[in-house]
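We did not get these values from a lab; they are worked out from the coordinates using the rules stated. Computed from a prediction, not measured in an experiment: that's the story for all the values here. Note that we place each Cβ from the backbone using ideal geometry, even for glycine, and neighbour counts take in every protein chain shown.
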Amino acid sequence: MSTLEQSRHLATAIPGPRSKELIERKAAAVSRGIGTTMPVYASRAGGGIVEDVDGNRLIDLGSGIAVTTIGNAAPRVVEAVRAQVADFTHTCFMITPYEGYVAVAEQLNRLTPGSYEKRSALFNSGAEAVENAIKIARTYTRRQAVVSFDHAYHGRTNLTMALTAKSMPYKHGFGPFAPEIYRAPLSYPFRDAEFGKEIATDGELAARRAIDVIDKQVGADNLAAVIIEPIQGEGGFIVPAEGFLPALLDWCKKNEVVFIADEVQTGFARTGRMFACEHEGIEPDLIVTAKGIADGLPLSAVTGRVEIMDAPHVSGLGGTYGGNPVACAAALATIETIESEHMVERAAAIEKLMKDRLHRMQAEDDRIGDVRGRGAMIAMELVKAGTTEPDGELTKKLAVGCHTAGVIVLTCGTYGNVLRFLPPLSISDDLLNEGLDVLANVLADL
């Protein structure tokens with residue numbers, strides 16, 4: 001349990017004087033291209049609280065974008081990291097390997113969906129893992145084309161920018177992008193309702209729409225892989241209609257196309273299952289993980305069917321820091337914490353608490369167009385009153401109001417009109433309820 005006091009406390013206005021000093025130092029030292037959401041600088045974090053350099057304690061409903069799922073500075077992780085740092089920090093697994101990398105791969109092979117034999121490879125970031133999943137799929141199929149979906153987010157490298165749908169701020173001005181990337185329509189129930197109830201609720205019908213585009217614009221014979229987030233992250237926490245993912249997977253199997261599940265944001269207990277694919281019994285050919293895998297240390301992975309993962313030639317995969325020993329120690333401690341402290345069940349309890357409250361707010365305020373998500377990955381989509389027209393301006397004001405009142409919230413969505421909540425699973429119900437009280441008060445004031 002964190003020694004940091006678990007209460008919201010505003011010692012100064014947000015930002016305080018020390019944070020203001022650091023904001024000025026950042027402007028003078030850091031590239032303008034690196035933006036920040038909150039105008040505060042962190043000094044400590046744990047449980048459900050982030051404390052800033054001015055002594056303000058903020059309720060954390062962001063988890064560093066779904067990274068510190070088990071809470072910041074989790075005790076097992078701290079001890080594992082300390083022990084590993086004292087032994088060695090790096091040798092490069094490709095030069096003199098070490099047990100931690102192998103142990104993480106074993107755990108991933110055990111935990112990820114699918115009863116088939118698996119192999120894993122470790123990298124540093126979600127984007128790097130996505131790129132390697134594409135490399136592996138292309139090697140295995142001897143095809144080049146890749147399909148991603150509307151509203152997708154897969155990273156900021158050249159290939160993953162091509163896979164990502166949203167231009168600003170992720171792609172604007174950074175092209176040209178990697179070729180042979182195509183886009184298909186997603187199942188987006190709230191927005192699909194504009195085209196009729198059937199397509200909004202029937203996942204198989206929505207999948208047929210997507211498959212029709214893929215068949216016409218790409219052709220299965222040219223397609224190496226389909227990559228999809230089981231619940232979209234940056235795109236707006238979009239949960240596809242039931243049946244959409246299984247229908248896509250079935251089509252991929254019939255056409256020998258590699259089905260890649262990007263679980264960078266949804267993995268490791270975040271959605272009330274260890275992996276979001278499990279909600280519909282999906283067993284992807286490859287699964288990409290990062291973020292919550294090591295409680296804040298940089299680590300990512302690709303895990304999948306042995307025949308696909310073993311397709312690249314020896315030394316075709318790798319990287320200097322991939323599977324760093326300190327990050328591997330953190331990952332093993334994170335997995336132990338998730339399992340021993342029943343974090344999957346905790347995520348499901350957070351979903352119930354949050355959805356109950358947000359649905360009550362929605363019933364009283366027609367600016368809340370939709371409440372959706374799973375586990376501790378919940379969102380509300382904001383619209384202009386009485387319509388489905390996205391209201392990005394209201395969303396921005398609501399986020400700033402929460403920040404000023406000491407609650408960390410994040411925005412997302414193609415239209416910038418989704419407020420997303422990613423609380424650490426270590427947060428107390430009292431703090432969570434208080435954060436939602438602040439949210440409700442700020443929205444009422446607006």
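Quick one: divide the alpha-carbon radius of gyration of region 76-340 by 2.2 N^0.38 Å and tell me what you get.
1.00
Specify the inter-centroid distance of region 323-370 and region 13-61, based on alpha-carbon positions, in whole Å.
Distance between centres, Cα-based: 24 Å.
Taking a ≥ b ≥ c as the square roots of the eigenvalues of the Cα gyration tensor of region 258-304, is the shape rounded (a/c under 1.5), prolate (a/b larger than b/c) or oblate?
Cα axes put region 258-304 in the oblate bin.
Quote the relative contact order of the chain in percent (integer), defining contacts as alpha-carbon pairs under 8 Å separated by 6+ residues.
Once normalised by length, the contact order is 22 percent.
When Lys and Arg each count +1 and Asp and Glu each count -1, what net charge do the other residues less than 15 Å away from Thr271, Cβ to Cβ, add up to?
Here the count lands on +1.
Give, in nm to one decimal, the length gained when the segment between His342 and Glu5 is fully stretched (0.36 nm per residue of separation minus the Cα-Cα distance).
Going from the current span to full extension adds 119.0 nm.
Hey, in the GNM for the chain with a 10 angstrom Cα cutoff, which one of Val418, Val400, Val30 fluctuates hardest?
Looking only at Val418, Val400, Val30, the largest GNM fluctuation is found for Val30.
Please compute the net charge surrounding Val288, taking Lys and Arg as +1 and Asp and Glu as -1 over other residues with Cβ under 13 Å from its Cβ.
With Lys, Arg at +1 and Asp, Glu at -1, the net is -4.
Considering only the other residues whose Cβ falls under 11 Å of the Cβ of Lys118, what net charge follows from Lys and Arg at +1 and Asp and Glu at -1?
Counting the neighbours of Lys118, the net charge comes to -3.
In region 8-105, what is the volume of the convex hull around the alpha carbon atoms, normalised per residue and reported in Å³?
163 Å³
For region 1-107, run through the trypsin sites (Lys or Arg not before Pro) and keep only the ones in DSSP coil with at most 12 other Cβ atoms within 10 Å of their Cβ.
Within region 1-107, the qualifying trypsin sites (Lys or Arg not before Pro) (loop, at most 12 other Cβ atoms within 10 Å) are Arg32.
Subtract the Cα-Cα distance of Met168 and Ile34 from 0.36 nm times their separation in residues, and report this length gain in nm to one decimal.
46.9 nm
Are there trypsin sites (Lys or Arg not before Pro) in region 135-202 that DSSP marks as loop and that have at most 13 other Cβ atoms within 10 Å, and which are they?
Here the sparse-neighbourhood loop sites are Arg142.
How do Phe244, Phe177, Phe190, Phe88 rank when sorted from fewest to most other Cβ atoms within 10 Å of their own Cβ?
With the fewest neighbours first, Phe244, Phe177, Phe190, Phe88 line up as Phe88, Phe177, Phe190, Phe244.
As an exercise, use a Förster radius of 30 Å and the Cβ-Cβ distance of Asp430 and Ala385 to find the FRET efficiency, rounded to the nearest 0.05.
Efficiency computed from Cβ-Cβ geometry: 0.40.
With 10 angstrom as the radius, rank Met309, Met377 by how many other C-beta atoms surround their C-beta, starting from the fewest.
Neighbour counts put them in this order, fewest first: Met309, Met377.
Which shape class, rounded, prolate or oblate, goes with region 182-241 when its Cα gyration tensor gives a ≥ b ≥ c as root eigenvalues, a/c under 1.5 marks rounded, and past that a/b bigger than b/c marks prolate?
Verdict is oblate for region 182-241.
Measure out, as a whole number of angstrom, how far apart the alpha-carbon centroids of region 204-259 and region 86-158 sit.
21 Å
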